[in-house]
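Below is one structure, written out as structure tokens; comments come after it.
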Amino acid sequence: MRLLVLGGTRFVGRHVVDAAVRRGHDVATFTRGLSGHPPDGVLALHGDRDDPPSLAAALSGAAARGWRPDVVVDTSCQTRAAAEQAAGALADVRAYALVSSLNAYRAWPPGPVPSDAEATWPEDGDGVEPDAYGPVKAHAERVLTAAVRGPVLLARAGLIAGPHDDVGRVAWWLRRLARGGRVVVPGSGAMEQQVALVDARDLADWLVRGVEEGWSGGVNATSTAGTTTLGRLLRTCADVAGGDAELVEVPEEHLLAAGVEPWVHLPYWLPRDVAVTAWDVATPRARETGLVQRTVCETVADTWAWLQAAGDGQELRADRPAPGLPQDLERELLASAGSLR
Ligand SMILES: NC(=O)c1ccc[n+]([C@@H]2O[C@H](COP(=O)([O-])OP(=O)(O)OC[C@H]3O[C@@H](n4cnc5c(N)ncnc54)[C@H](OP(=O)(O)O)[C@@H]3O)[C@@H](O)[C@H]2O)c1
């Protein structure tokens, strides 16, 4: 099939391109051309998803050369305009898979998410910020489902990890743990908290199968709750990165009082009132449709191998805060952790 990836040159999209090529599809990407190029043999179309005529113009240029998409995997939808432009230009495709997010659910976080069919953010009303991430994803789901003639798969991803991750959360832990010494990790039971990751390569394979087979509707596209815990993830990072790191658990109250930002300063850490339900996400359709859950160990080891090969030059996404604990804050926390002993 002719498979168009909207996106395709950074993280998840790059793996979608690889999976689609491996599965024998004739692939094109649509990007601005700022983040690099797809591999040889993939048609690179260019334009800006936020500039209304540009997707249609790129598609008519491709059509003039005999290339028209049969199916679409959309990894780059981040704005209302992007969704609307795609809905207008790609309404005739045979199947469409949108990478959405658990944030499309009005009640997540903190969750729980007991099914694949919980209420998503409405268009307006109390508490709706139209341009916030969750409401934008919910809007994109609605607009594309209404417009596209073929089945539309709404892949509500949670935490995506793996090589080429440009959010950099696992990468930060790996690098910090490789430096060794005393390393602040969250205490107060946080290390026993479950987390649910999906490897971008497994998600990518599954998205391509989704458009091949014409799956539709919402799917919580993550691993089964309880597959791993924050502690197991961090200990795996420490083992993989080597070094002599000593994990120092600092109680939640101390972290919050010192100004440690959950999720950002200590990636994947959520305070217990949110963590208790955030990864309690039911994934019945993901399991029925065979979304693979490779081991966290494999994801972490492959991410480390990629970081080693890439050196220090990877660019992080500009639209997310850079993850990691500032060194002065780490020193302060370690000093007070020492005095608590
Ligand atoms: N990371 C997570 O844990 C997580 C969790 C849940 C959901 N998600 C979702 O997963 C998806 C995966 O994103 P990804 O970054 O890995 O995808 P990607 O397709 O690998 O990278 C983003 C692509 O979009 C292109 N792009 C960016 N802005 C554009 C614009 N205005 N017009 C045209 N192309 C544009 C970029 O190329 P150029 O820069 O060259 O344009 C790049 O190829 C996202 O939709 C995200 O919301 C992520």
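Please state which of the following conditions residue 210 fails to meet, knowing it meets all the rest: (1) under 21 Å from the mean Cα position of the chain (by Cα); (2) closer than 23 Å to residue 321 by Cα; (3) assigned to a helix (DSSP H, G or I).
(2)
Could you list all residues from segment 134-186 that are out of contact with any Pro (no Cβ under 6 Å at 6 or more places or on another chain), charged (D, E, K, R) and either within 21 Å of residue 216 (Cα to Cα) or within 14 Å of the ligand (Cβ to nearest atom) (or both)?
To start, the set of residues in segment 134-186 that are out of contact with any Pro (no Cβ under 6 Å at 6 or more places or on another chain) comprises 134-167, 170-171, 173-186.
Retained after the next criterion (residues that are charged (D, E, K, R)): 137, 141-142, 149, 156, 165-166, 175-176, 179, 182.
Matches in segment 134-186: 137, 141, 142, 149, 156, 165, 166.
Can residue 48 be described as in the same structural domain as residue 157 (by TED's automatic domain parsing), open to solvent by 10 Å² or more (accessible area, probe 1.4 Å) and free of Cβ contacts under 8 Å to residues at least 12 places away in the same chain? Spell out the reasoning first.
On the way: in the same structural domain as residue 157 (by TED's automatic domain parsing): yes; open to solvent by 10 Å² or more (accessible area, probe 1.4 Å): yes; free of Cβ contacts under 8 Å to residues at least 12 places away in the same chain: no.
No; evaluated as a whole, the condition is false for this residue.
For residue 134, indicate whether it is in a loop (DSSP other than H, G, I, E, B), under 30 Å from residue 69 (Cα atoms) and small (Gly, Ala, Ser). Break it down stepwise before answering.
Values: in a loop (DSSP other than H, G, I, E, B): no; under 30 Å from residue 69 (Cα atoms): yes; small (Gly, Ala, Ser): yes.
When the stated conditions are applied, residue 134 does not pass them.
Consider residue 304 carefully, then state whether it is buried (at least 17 other Cβ atoms within 10 Å of the Cβ) and part of a loop (DSSP other than H, G, I, E, B). Show your work before the answer.
On the way: buried (at least 17 other Cβ atoms within 10 Å of the Cβ): yes; part of a loop (DSSP other than H, G, I, E, B): no.
Here the answer is no, as residue 304 does not meet what is asked.
Please verify whether residue 248 is touching a residue at least 24 places away in the same chain (Cβ under 8 Å), of a type outside the set (Ser, Thr, Tyr) and closer than 30 Å to residue 34 by Cβ, treating the condition exactly as stated. Even if it seems obvious, please write down each step before you answer.
Numbers: touching a residue at least 24 places away in the same chain (Cβ under 8 Å): yes; of a type outside the set (Ser, Thr, Tyr): yes; closer than 30 Å to residue 34 by Cβ: no.
Spelling it out, it is not the case that residue 248 is touching a residue at least 24 places away in the same chain (Cβ under 8 Å), of a type outside the set (Ser, Thr, Tyr) and closer than 30 Å to residue 34 by Cβ.
Among 16, 12, which is among the aliphatic types (A, V, I, L, M), touching a His at 6+ places or on another chain (Cβ under 9 Å) and in contact (Cβ under 8 Å) with a residue 40 or more places away in the chain? Please lay out each step first, then the result.
Numbers: 16 fails: touching a His at 6+ places or on another chain (Cβ under 9 Å).
On inspection, the qualifying residue turns out to be 12.
In the set 243, 226, which member is more than 29 Å from residue 114 (Cα to Cα), open to solvent by 30 Å² or more (accessible area, probe 1.4 Å) and in contact (Cβ under 8 Å) with a residue 24 or more places away in the chain?
Working: 226 fails: more than 29 Å from residue 114 (Cα to Cα).
So the residue among 243, 226 that is more than 29 Å from residue 114 (Cα to Cα), open to solvent by 30 Å² or more (accessible area, probe 1.4 Å) and in contact (Cβ under 8 Å) with a residue 24 or more places away in the chain is 243.
The values are calculated or read from the model by the stated rules, or taken from the named source; none is laboratory data. Because the structure is predicted, anything quoted here is derived from the model rather than measured. Heads up, the Cβs are rebuilt from the backbone with ideal geometry, glycines too, and the neighbour counts pull from every protein chain shown. Protein only, heavy atoms only, side chains kept; ligands, DNA and RNA dropped before computing areas. Shrake-Rupley method; radii C 1.70, N 1.55, O 1.52, S 1.80 Å.
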